[in-house]
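> The following block contains the structure, expressed as structure tokens.
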Amino acid sequence: MGSDSVGGVDRRRLLGWGGLAAAGVVAAGSQLVGAQPGHAAPAPTGPIPPDTRPGGAYDRYVAKLAADGKFSGVVLLSHRGRTVLSRSYGMADKEKGIPNGENIAFSLSSAGKPFHAVAILQLAQQGKLKLWDTVGTYLKGYTKEIAERVTIHHMLTGTSGMKTPDEDVQRIFQSQKEVHEYYEQWARQATPEAPPGTSSSHSGAEVAIPAQIIEAVTGKTYWDYVQENIFKRCGMTGSGFYTRPQWLTDAHIAHPYMELADGSMVDAVHNLDKGSPHPYTLGKNPGRAFIDAPGDGGFATAPDLVRFAHALRDGTVLDPHYAELFTGAKLPLAPEGGGGLARRATPADAGFGAYQMPVSLVNGQWVWSRAGANPGVGANWTIYPDTGWVGVILTNRDGVPLQEIVERETQAVIGQG
């Protein structure tokens, strides 16, 4: 499972965002050397902070990172459905000479975890499950303490008290079936470490078990359910749960470039046996998996993540009250883990746990944000619901200061340094 990203908001303000326009275009401004922009579009209406515009402080900052070899990927800022800034740097596939761009799908790692929370809430609003149902209501093979005491709500808020054994990071999977069976058995090895209601330190079972419940209720694989009921509904045509063979051959999927101990960069998908220690995942190589574990990961383009953000507010994926439940603050937390604003140099005003979507108050505004990282992989998408902004950062190389980029984005959008 990947590593972790930041966001509750007044629903009336959220519903005032304005319609979704075609994402992935540059509104106005000069071109920066080395950047690959989108197409021109009418200038956005409403207050646009100067630092968010093309040529503004955020744009210049990312361009400098790219020029120094510290960024490869895509950044996108959207305001009320119109793209204000869109830049792409580096190569999606160096061997084939394919550049990064808005049409390129990037691995999300833990930034894809909120999708399983949305899927659970879809089933809840349909009356097919209840958030207070326990694991044993749907699944067999778990210890009595987990089966009878741990609820869906506990798992979505990261308070199950469960401990999950380490994954076998040396294993190379050969099929979707093999991945599915492994994670099903792996989750059943979870043990109660503390009473339910206690923080679980991002236990992997809290991701794997809800995915199994989705499968038990719907009769579909987790991957198929999310593809049909989230990606397809949102118009996320460039997103999916791609397999390693697709990753190797599909020109619209970014390859992750991983730094080895000697400082060299290798394509992590092509080099399955060359994992190296990584500050987020302790050496897990994304190329080892045939497909992302159920409940985790996935691939998305930057414009698709903007589409998902807007689908949360217009009833496309959840009814308004369930959308509010998804992002609403559930319990106070120190601003750590799961958020691009997690380990900020300047702390958030307050941090809270929501449903696989950490939320924060920053400079008096709500911020919802989720990040993920693996060797060669970095992703963060942030929704600023009070003002209608969405920010996306997707990268495909090691050494990118993702947390710092998120802070710069937030500073540009709402003035918080």
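The values are calculated or read from the model by the stated rules, or taken from the named source; none is laboratory data. Please read all numbers here as calculations on a predicted model, not as lab measurements. We place every Cβ from the backbone using ideal geometry, glycine too, and count neighbours over all the protein chains shown. For the accessible areas, the whole protein counts, side chains as well, though only heavy atoms, and no ligand, DNA or RNA atoms are used. Shrake-Rupley method; radii C 1.70, N 1.55, O 1.52, S 1.80 Å.
> Give a residue-ordered list of calculated ³J(HN,Hα) values for segment 143-150 (Karplus: 6.51 cos²θ - 1.76 cosθ + 1.60, θ = phi - 60°; whole Hz; x for Gly, Pro).
4, 4, 4, 6, 4, 9, 10, 7
> Can you give me the Cα centroid spacing of segment 53-106 and segment 364-380 in angstrom?
16 Å
> Something else: How about segment 124-213: which trypsin sites (Lys or Arg not before Pro) there are in a DSSP loop, with at most 15 other Cβ atoms within 10 Å of their Cβ?
On the way: sites: K128, K130, K140, K144, R149, K163, R171, K177, R188; in loops: K128, K130, K140, R171, R188.
Of the trypsin sites (Lys or Arg not before Pro), the ones in loops of segment 124-213 whose Cβ has at most 15 other Cβ atoms within 10 Å are K128, K130, K140, R171.
> So, one more: Please calculate how many Å² of accessible area segment 130-253 carries per residue, with a 1.4 Å probe and no DNA, RNA or ligand atoms counted.
46 Å²
> Per residue, how many Å² of accessible area does segment 345-413 show with a 1.4 Å probe?
Value for segment 345-413: 22 Å² per residue.
> In segment 51-106, which trypsin sites (Lys or Arg not before Pro) fall in coil by DSSP and have 10 or fewer other Cβ atoms within 10 Å?
Those satisfying the criteria are K96.
> Further question: For all pairs of alpha-carbon atoms in segment 47-150, what percent lies in each bin of width 5 Å, listed from the first bin to the last filled one?
2, 10, 12, 12, 13, 10, 7, 6, 10, 11, 5, 0
> For segment 146-193, which whole-number percentage of the solvent-accessible area (1.4 Å probe, protein heavy atoms only) is attributable to carbon and sulfur atoms?
Numbers: 1000 of 2400 Å².
The C+S portion of the solvent-accessible surface of segment 146-193 is 42 percent.
> Could you pull out the pairs from K130/K232; K163/K232; K130/K163; K96/K232 whose alpha carbons sit more than 27 Å apart here? Mind showing how you got there, number by number?
Numbers: K130/K232 25 Å; K163/K232 34 Å; K130/K163 23 Å; K96/K232 29 Å.
Table pairs above 27 Å Cα-Cα are K163/K232; K96/K232.
> For segment 158-276, count the residues as N, evaluate 2.2 N^0.38 Å, and divide the Cα radius of gyration by that value, please. Walk me through the numbers on the way to the answer.
On the way: Rg = 17.2 Å, N = 119, 2.2 N^0.38 = 13.5 Å.
With N residues counted in segment 158-276, Rg over 2.2 N^0.38 Å equals 1.27.
> Using amide H atoms built in the peptide plane, which far-off residues or other-chain residues are under 5 Å from V84 H to H?
It is L77, S78, H79, by chain and number.
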